[in-house]
Amino acid sequence: NKSGVKIHTVYDPNADTPIYFEITDARVSDGRAISQLSVFQGTTYVFDRAYNGGAWLEKLVNEGCLFVGRMKKDMNYKVTKSLPPKGVGVVRDEKIEVCYKTRSYLKGRT
């Protein structure tokens, strides 16, 4: 008996404006919504755990994008380098390799 919408937005801080958005019904899973979300080369994406799918992250890496997100508890990854945390609220800054199933193919930063 509830209704609502979700807005999935790509924001360009240099232009100080959203450059793309997708509106979905609130019941649509975020994982399904990202399959339609455009990827812009060199952009930084910030997202919640629902977006941590292997194909999505691989797409971002292949387009030269950076990403920041909360990881799912069961996400497999290997820390390849630890950096000193900078900024308020930053707990860790690590270069990682994300592992899905039996293959390891993504490199990024947490």
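The values are calculated or read from the model by the stated rules, or taken from the named source; none is laboratory data. Just so we're clear, the structure is a prediction, and the values are computed from it rather than from any experiment. Quick reminder, even Gly has a Cβ in these numbers, built from the backbone with ideal geometry, and neighbours come from all protein chains shown. All accessible areas refer to the heavy atoms of the entire protein, side chains included, with ligands and DNA or RNA removed. Shrake-Rupley method; radii C 1.70, N 1.55, O 1.52, S 1.80 Å.
Miscellaneous remarks
- Solvent-accessible surface (1.4 Å probe) assigned to ILE34 amounts to roughly 20 Å².
- With a 1.4 Å probe rolled over the protein heavy atoms of all chains, the accessible area of CYS99, CYS65 falls in the order CYS99, CYS65, largest first.
- Taking every DSSP bridge with both residues inside segment 1-81, close to 65 percent are antiparallel.
- Estimated FRET transfer efficiency (LYS72, ALA15; beta-carbon r; R0 30 Å; 0.05): 0.45
- In this structure, ASN62 and GLU22 have a Cβ-Cβ separation that, at R0 = 22 Å, corresponds to a calculated FRET efficiency of about 0.60.
- In sequence order, segment 58-73 has phi-based couplings of 4, 4, 4, 4, 5, 8, x, 8, 9, 9, 10, x, 7, 8, 5, 4 Hz under the Karplus curve 6.51 cos²θ - 1.76 cosθ + 1.60, θ = phi - 60°, and Gly or Pro positions carry x.
- Computed lengthening from LYS95 to VAL5, 0.36 nm per intervening residue step minus Cα-Cα distance: 29.0 nm
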